[in-house]
Amino acid sequence: MRAAFARELGGIDHLELGELPDPTAGPGQLLVRVHGAGVGPWDVGFLSGGFPGVALPFVPGQEIAGVVEAAGDETGIRPGERVYGTTFPAGGGFAELAVASAARVAPVPGRLSFPEAAGLVIGAGTAYEGLVDKGQLQAGQTVLITAASGGTGSAAVQIAVALGARVLGVAGPASHDYLRGLGASEVFDYHQPGWAEQVRAAVPGGADRLFDAAGGPTRDQAITAVRDGGRVISIIVSGPELVLDRGITGESFAARGGRERLEAITRLVESGQLRPRVAAVLPLDQARAALAQVAGGHPGGKVVLQIGR
Ligand SMILES: NC(=O)c1ccc[n+]([C@@H]2O[C@H](COP(=O)([O-])OP(=O)(O)OC[C@H]3O[C@@H](n4cnc5c(N)ncnc54)[C@H](OP(=O)(O)O)[C@@H]3O)[C@@H](O)[C@H]2O)c1
């Protein structure tokens, strides 16, 4: 099969294109002919050696959408089914064929192309787990979302709006109109000194929830705009631990993803409440350029690969 892969780790410059042996699916797994693969900051992290236990040659790509080529009877899935899901942490998505656990895929939403569907897997899955399962966000509550312009943040904004929350988005100015269009009531530019005071002025007492996809100083400033007794959910697991006071609870978490959550995402897509923000669709042979776009930190939405069609 054709694939983009690294024979050694050390950065995205190690990525090359070529032929690798076709992978084979074991029990409980599917062989998927990949037609869309999401590109994320985690792919840059894997190629830089930021994740342990990587087998070489390493094929990046933790989010895929495509057609099932082979599946054991025990999976309950048949060849020919159109699925999307995650291959985390083994990767393998930047290739014509990939192996995925049957428990971590679901049918592709009918409204989406394969690249669009792939682009929702981790971002929307993480946003859903953070807002619904860990944040217990309720209709009528106020949620502040950092890095709201990114693949994860833009899904978080849409999911929070769908839940009936009042959404305050934090992002660079280029995305403010987009975020308002999604239903964010207010948007703030983290480059502006005093933006967290502006949030507190907009929500006297502070926001009920913070969904943080930025980390660093932006997260620390955002916490000052959370109400006493509020809740902070961060998806940034590296770097300094969360420091919380004023009765605020919270956690940083690494999402796992699975069929149930993908099915919830599919329902939101089918009801017109969730769409990926696709910044660029590139062919497999431009995988390195796709990674470079993500590595810059401001891709303006999801970068996705279209593979094989
Ligand atoms: N824990 C988990 O399970 C999990 C899951 C998914 C993602 N993540 C992590 O979450 C982060 C976001 O992922 P993503 O897929 O949404 O990334 P992405 O699509 O590449 O978007 C990057 C975002 O970061 C923002 N940003 C860049 N520099 C910033 C800064 N100094 N302060 C505040 N915001 C800044 C950008 O905003 P502007 O372009 O508007 O400036 C953009 O919204 C990444 O670190 C990723 O590894 C973790």
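Would you say A102 is under 16 Å from the mean Cα position of the chain (by Cα) and farther than 22 Å from D212 by Cβ?
No, not satisfied.
If I filter segment 128-148 for residues that are assigned to a loop (DSSP other than H, G, I, E, B), small (G, A, S) and within 17 Å of L244 (Cα to Cα), do I get at least one hit?
So the first thing to find is which residues in segment 128-148 are assigned to a loop (DSSP other than H, G, I, E, B), and the list is 135-141, 147-148.
Those still in the list that are small (G, A, S) too: 135, 139-140, 147-148.
Pick out the ones that are also within 17 Å of L244 (Cα to Cα) and you get 135.
Yes.
Give me the residue from segment 140-155 that is more than 6 Å from the ligand (Cβ to nearest atom) and closer than 16 Å to K302 by Cβ and, out of that set, farthest from the chain's Cα centre (by Cα).
The qualifying residue farthest from the chain's Cα centre (by Cα) is A148.
Please indicate, with yes or no, whether at least one residue in segment 262-274 is more than 23 Å from E63 (Cβ to Cβ), aliphatic (A, V, I, L, M) and surrounded by 13 or more Cβ atoms within 10 Å (Cβ to Cβ).
Taking every residue of segment 262-274 in turn, none turns out to be more than 23 Å from E63 (Cβ to Cβ), aliphatic (A, V, I, L, M) and surrounded by 13 or more Cβ atoms within 10 Å (Cβ to Cβ).
Checking P283 against (1) touching a Ser or Thr at 6+ places or on another chain (Cβ under 9 Å); (2) more than 15 Å from the ligand (Cβ to nearest atom): exactly one of these is not met. Which one?
(1)
Among the listed residues D245, D220, D208, which satisfies the condition of being more than 30 Å from V108 (Cβ to Cβ), within 12 Å of the ligand (Cβ to nearest atom) and among the charged types (D, E, K, R)?
Details: D245 fails: within 12 Å of the ligand (Cβ to nearest atom); D208 fails: within 12 Å of the ligand (Cβ to nearest atom).
The conditions single out D220.
Working only within segment 288-308, note down all residues that are in a loop (DSSP other than H, G, I, E, B) and more than 8 Å from the ligand (Cβ to nearest atom).
Once the filter is applied, which keeps residues that are in a loop (DSSP other than H, G, I, E, B) and more than 8 Å from the ligand (Cβ to nearest atom), segment 288-308 yields G296, I307, G308.
If I ask for residues that are free of Cβ contacts under 8 Å to residues at least 40 places away in the same chain and more than 12 Å from the ligand (Cβ to nearest atom), which ones from segment 248-264 would you list?
Passing the criteria: I248, T249, E260.
Take R267 and tell me if it is among the basic types (K, R), within 16 Å of the ligand (Cβ to nearest atom) and under 25 Å from A106 (Cα atoms).
On the way: among the basic types (K, R): yes; within 16 Å of the ligand (Cβ to nearest atom): no; under 25 Å from A106 (Cα atoms): yes.
When the stated conditions are applied, R267 does not pass them.
When you check R166 against the structure, is it more than 11 Å from the ligand (Cβ to nearest atom), within 24 Å of G300 (Cα to Cα), of a type outside the set (V, I, T) and modelled with pLDDT under 95, yes or no?
Criteria not met by R166.
Going residue by residue through segment 238-256, is there one that turns out to be in contact with a Lys or Arg (Cβ under 6 Å, 6 or more places away or on another chain), modelled with pLDDT of 95 or more, over 24 Å from A100 (Cβ atoms) and β-branched (V, I, T)?
Yes - at least one qualifying residue is present in segment 238-256.
The values are calculated or read from the model by the stated rules, or taken from the named source; none is laboratory data. If you're wondering where the values come from, they're calculated on a predicted model, not measured in any experiment. Because the Cβ atoms are built from the backbone with ideal geometry, glycine has one as well, and the counts that use them run over all protein chains shown.
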